[in-house]
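J.: Would you mind keeping the following structure in view while I ask a few things?
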Amino acid sequence: MNAKPSVLALISLCAAFPILAADPPAAAASKLVIHADEGKITISKNIYGQFSEHLGRCIYGGIWVGEDSKIPNTRGIRNDVVAALKGIKVPVLRWPGGCFADEYHWRDGIGPRAQRPKMINTHWGGVTEDNAFGTHEFMDFCEQIGAEPCICGNVGSGTVQEMMEWVEYMTSDADSPMANLRRKNGRDQPWKVPYFAVGNESWGCGGNMRPEFYADNFKRYNTFVKNYRGNRIYRVACGASDSNYNWTEVLMSNAARQMNGLSLHYYSLPIQTWNGSKGSATDFKEDQWFSTLSHSLRMEEFVTKHSAIMDQYDPQKRVGLIVDEWGAWYDVEPGTNPGFLFQQNTVRDALVAGANLNIFNNHAERVKMANIAQMINVLQSMILTDQEKMLLTPTYHVFEMYTVHQEATLLPSEMQSADYTFGSQKIPAVNASASRDPAGKIHVSLCNLNPNAPAEVACELQGATAKRLSGRVLTGTEMNARNTFAQPDAVKPAAFTAFKTTATGFTATLPAKSVVVLEVE
Ligand code: AHR
């Protein structure tokens with residue numbers, strides 16, 4: 001006979017074996033040690049850089065609407081977008097590509113707009129590019145948002161002379177042919193161009209070169225990238241993609257002396273393939289949540305291994321690792337031009353952003369710039385637009401929350417994370433980075449990648465006392481929570497209070513699938 005146990009018997013059973021109670025078992029706490037007394041390295045603000053390519057609706061529609069547009073603009077540039085970007089303190093902006101850079105001829109983008117020649121954007125949808133947005137418009141945009149320009153020069157289909165003259169056009173204050181042409185086009189003073197990249201993906205869309213051939217070309221083109229009076233250029237050589245360590249080895253052994261930075265590109269895809277479906281940006285289950293984030297965490301491995309090769313040739317760490325393309329890459333939104341790379345952005349992307357930025361912060365000694373791909377309407381964007389409408393993505397909010405790390409002192413830290421297990425695979429559930437700002441405040445950014453359970457973090461603060469804590473959190477109801485034009489504020493930061501100070505630091509309970517930034521005073 002099946003007799004029901006009495007209520008009293010049940011209560012005593014639960015007290016003796018609390019794990020049998022209805023709540024899921026609490027995961028073991030993750031342990032974070034922050035060495036608040038050991039900070040030596042500054043986190044370059046340029047780690048929070050952006051990338052804007054002539055691709056889809058990034059430039060046209062996203063930034064540039066033209067002076068006659070009914071969308072409020074300043075000299076053709078959207079006012080709403082400029083105001084939003086000021087909120088994330090964009091330090092540096094890479095332009096005009098990407099693959100587009102190696103087919104871009106800068107002279108087509110200057111002078112009266114009606115007379116500018118048109119071209120076909122062969123990489124991105126085969127659309128006609130009318131060159132309405134050229135050097136003057138880009139520099140104006142940088143000035144409006146307060147960012148420094150990082151110009152990517154054309155090695156693949158451009159000449160040395162063309163590159164040389166572009167630099168002269170932008171930066172010379174002399175009585176020189178190119179400076180005078182610039183003056184004729186309405187700009188008297190030269191611009192500052194602090195960063196110049198000599199080619200893009202020269203192993204692929206930028207010319208399909210061998211590293212040895214590119215290394216020679218880099219040196220040749222770079223020789224003619226001149227420092228005109230008052231402008232000093234930080235020269236970025238085209239670097240590897242993913243785990244192409246041979247490329248880094250060849251570039252460092254042949255041309256380290258001539259470069260200031262060497263790039264690295266790495267995108268995280270749910271299904272890591274370039275031939276076929278990569279996975280949807282919004283319609284996914286936990287398998288693709290897990291795969292996207294676990295692929296994203298490989299950035300740690302790539303940065304570590306490329307840095308180790310650079311260390312052999314440059315132990316002083318003079319040459320920066322410039323991660324000038326990174327982010328999540330999904331299938332385009334259904335019904336949109338496949339060449340436009342337009343994708344939505346969810347809480348999953350917030351975690352991709354938060355985790356990658358933690359990695360870059362923690363490698364700040366070598367990583368001197370990173371540029372998420374891309375700023376508006378393309379890949380992992382900050383902003384999406386639809387005609388006059390604009391929304392801020394979860395990724396935007398992470399960049400805004402992390403602005404506290406820009407130019408702060410990195411505080412070395414070690415994380416012993418609980419696991420996030422999916423099927424037979426596991427990744428660390430929690431990652432973090434910490435810094436001290438010039439006012440002495442400590443900021444700790446934490447990501448809980450586990451979409452199913454909160455994460456307890458016990459933090460030991462060595463060399464500092466946590467007197468007062470405050471925080472903000474970004475999360476969503478679902479893994480694919482996102483902002484839409486109908487509900488633009490569905491995912492946005494909120495106050496975070498699930499923390500306690502302890503004798504040695506603090507503890508915090510991060511909600512499932514969340515990015516948290518704490519301020520410790
Ligand atoms: O960001 C999109 C494209 O990805 C860039 O144009 C290219 O450099 C990379 O392959």
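The values are calculated or read from the model by the stated rules, or taken from the named source; none is laboratory data. The shown structure was predicted, so the numbers you read here are calculated from the model rather than taken from an experiment. Note: ideal-geometry Cβ built from the backbone for every residue, glycine included; neighbour counts use all protein chains shown. Ligands, DNA and RNA are stripped out before the accessible areas are found, and what is left, the full protein with its side chains, is counted by its heavy atoms. Shrake-Rupley method; radii C 1.70, N 1.55, O 1.52, S 1.80 Å.
J.: When only alpha-carbon atoms are used, what values of Rg and Dmax, in angstrom, describe region 432-490?
T.: Cα only, region 432-490: 15.6, 48 Å (Rg, Dmax).
J.: Round to a whole angstrom and tell me the spacing of the C-alpha centers of region 247-264 and region 140-192.
T.: Using only Cα atoms, the two centres lie 25 Å from each other.
J.: A further question follows. Enumerate the whole-percent occupancy of each 5 Å bin, from 0 to the last occupied one, for all C-alpha pair distances of region 171-224.
T.: 5, 17, 19, 14, 13, 13, 13, 7, 0
J.: Related question: With N set to the residue count of region 38-121, report its C-alpha Rg divided by 2.2 N^0.38 Å to two decimal places. Spell out each step's value before the answer.
T.: On the way: Rg = 16.0 Å, N = 84, 2.2 N^0.38 = 11.8 Å.
That works out to 1.35 for region 38-121.
J.: In nm, give the distance between the simple-model label positions of Arg298 and Glu521, each being 7 Å from the Cα along the Cα-to-Cβ direction.
T.: Reported label-point gap for Arg298 and Glu521 is 4.4 nm.
J.: When the helix-only estimate is applied to the chain (DSSP H runs of n ≥ 4, each -39,500 (n - 2.57), divided by the residue count), what is the mean residue ellipticity at 222 nm, nearest 500 deg cm²/dmol? Before the final figure, lay out each step's value.
T.: Working: 11 runs with 124 residues, N = 521.
After summing the helix terms and dividing by the residues of the chain, the value is -7500 deg cm²/dmol.
J.: In vacuum, with every alpha carbon of the chain counted as one equal point scatterer, what does the Debye formula give for log10 I(q)/I(0) at q = 0.06 Å⁻¹? Two decimals, please.
T.: Reported log10 I(q)/I(0), two decimals: -0.30.
J.: From the P(r) of region 357-483, could you give the percentage of C-alpha pairs in the tail past 21 Å? Provide the component values of the computation, followed by the final result.
T.: Details: 4108 of 8001 pairs.
The share of Cα pairs beyond 21 Å in region 357-483 comes to 51 percent.
J.: Mind checking the per residue accessible area of the chain for me, 1.4 Å probe, whole number of Å²?
T.: With all protein chains present, the chain gives 41 Å² per residue.
J.: Here is a further query. Give the long-range amide H neighbours of Lys492: residues separated by 5 or more places, or on another chain, with amide H under 5 Å away, using H modelled in the peptide plane at 1.01 Å from N.
T.: Thr475
J.: To one decimal place, what orientation-averaged projected area in nm² is obtained for the convex hull of the Cα set of region 130-171?
T.: Working: hull surface 14.1 nm².
Answer in nm², one decimal: 3.5.
J.: Now for a different question. Where in region 186-205 is the amide nitrogen less than 17 Å from a point lying 7 Å along the Cα-to-Cβ axis of Arg75?
T.: In region 186-205, the label zone of Arg75 (backbone N under 17 Å from the point 7 Å along Cα→Cβ) covers 186-193.
J.: Arrange the peptides 175-184, 313-322, 213-222 so that the one whose residues have, on average, the most other Cβ atoms within 10 Å appears first.
T.: Values: 175-184: 15.0, 313-322: 17.6, 213-222: 19.8.
Averaged packing, sorted descending, gives the order 213-222, 313-322, 175-184.
J.: Could I ask something else about it? For Arg210 and Asp437 in one chain, what is 0.36 nm times their gap in residues minus the Cα-Cα distance, to one decimal in nm?
T.: 77.4 nm
J.: Here is a further query. Could you give the length gained on full extension between Asp283 and Phe224, defined as 0.36 nm per residue of separation minus the Cα-Cα distance, in nm? The partial results should precede the final answer.
T.: Values: separation 59, 0.36 × 59 = 21.24 nm, distance 4.88 nm.
Fully extending the segment from Asp283 to Phe224 adds 16.4 nm.
J.: Averaged over all directions, how much area does the convex hull of the C-alpha atoms of region 56-99 cover when projected, in nm²? Before the final figure, lay out each step's value.
T.: Working: hull surface 14.2 nm².
So the mean shadow area of the Cα hull is 3.6 nm².
J.: Now a separate question. May I ask you to evaluate 6.51 cos²θ - 1.76 cosθ + 1.60, the Karplus curve with θ = phi - 60°, for each residue of region 435-452 and list the ³J(HN,Hα) values in order in whole Hz, giving x for glycine and proline?
T.: Going residue by residue, I get 8, 10, 7, x, 7, x, 7, 9, 10, 10, 9, 10, 10, 9, 7, 6, x, 9 Hz, with x marking Gly and Pro.
J.: OK, next. Just how much of Arg187 is accessible, in Å², when a 1.4 Å probe is used and the result is rounded to the nearest 10?
T.: 60
J.: Let me ask something else. Quick one: compute the contact order of region 313-412, relative version, from alpha carbon pairs under 8 angstrom and 6+ residues apart, as a percent. Don't skip to the answer; put the middle values down first.
T.: Working: 133 pairs, mean separation 30.5, N = 100.
Computed over region 313-412, the figure is 31 percent.
J.: Measure off, as a whole percent, the carbon and sulfur share of the 1.4 Å-probe accessible area of the chain, all protein chains present. All intermediate terms of the calculation are to be shown ahead of the outcome.
T.: Numbers: 11160 of 21300 Å².
Roughly 52 percent, rounded to a whole number.
J.: Translational diffusion coefficient, Stokes-Einstein: compute it for region 238-379 using the Kirkwood radius over C-alpha pairs as Rh, at 10 °C and 1.306 mPa s, and state it as an integer in µm² s⁻¹. Show your work: numbers first, answer last.
T.: Details: Rh = 15.8 Å.
Approximately 100 µm²/s, per Stokes-Einstein.
J.: Going Cα to Cα from Lys368, which lysines come in below 20 Å? Please leave out same-chain ones fewer than 8 positions away.
T.: Once the sequence-local lysines are set aside, what remains near Lys368 is Lys40, Lys45, Lys89, Lys192, Lys305, Lys317.
J.: Report Rg/Rh for region 99-149, rounded to two decimals, where Rg is the Cα radius of gyration and Rh the Kirkwood radius.
T.: On the way: Rg = 11.8 Å, Rh = 11.8 Å.
Ratio of gyration radius to Kirkwood radius: 1.00.
J.: Here is a follow-up. For Thr504, list long-range residues whose amide hydrogen, built 1.01 Å from N in the peptide plane, is under 5 Å from its own amide hydrogen.
T.: The answer is none.
J.: Hey, another quick one. Sort the following peptides by mean Cβ neighbour count (other Cβ atoms within 10 Å, averaged over residues), highest first: 485-495, 502-512.
T.: Highest to lowest by the protection proxy: 502-512, 485-495.
J.: On the Cα set of region 308-425, report Rg and Dmax in Å, please.
T.: Spelled out, the Cα radius of gyration and Dmax of region 308-425 are 17.1, 51 Å.
J.: Can you order the peptides 246-256, 418-428 by their average number of other Cβ atoms within 10 Å per residue, highest first?
T.: My ranking of the peptides, most packed first, is 246-256, 418-428.
J.: A further question on this structure: Could you give the radius of gyration (one decimal) and Dmax (whole number) of the Cα atoms in region 376-438, in Å?
T.: Here Rg and the maximum Cα pair distance are 16.9, 47 Å.
J.: Quick one: 3J(HN,Hα) in Hz for region 279-295, Karplus 6.51/-1.76/1.60 with θ = phi - 60°, rounded, Gly and Pro as x.
T.: Taking θ as phi minus 60°, the curve returns x, 7, 6, 10, 9, 9, 10, 5, 4, 7, 4, 5, 5, 4, 6, 5, 5 Hz for region 279-295.
J.: Show the residues, 5+ positions off or on another chain, whose built amide H is closer than 5 Å to the amide H of Asn371.
T.: Val323, Asp324, Glu325, Trp326
J.: With just the Cα atoms defining each centre, how far is region 352-404 from region 304-331? Give it in Å.
T.: Here the answer is 18 Å between Cα centres.
J.: Would you kindly derive the ³J(HN,Hα) couplings of region 397-410 from the backbone phi angles with the Karplus curve 6.51 cos²θ - 1.76 cosθ + 1.60 (θ = phi - 60°), listing them in order in whole Hz, with x for Gly and Pro?
T.: With coefficients 6.51, -1.76 and 1.60, one gets 5, 5, 4, 5, 5, 8, 4, 4, 7, 4, 6, 8, 8, 5 Hz.
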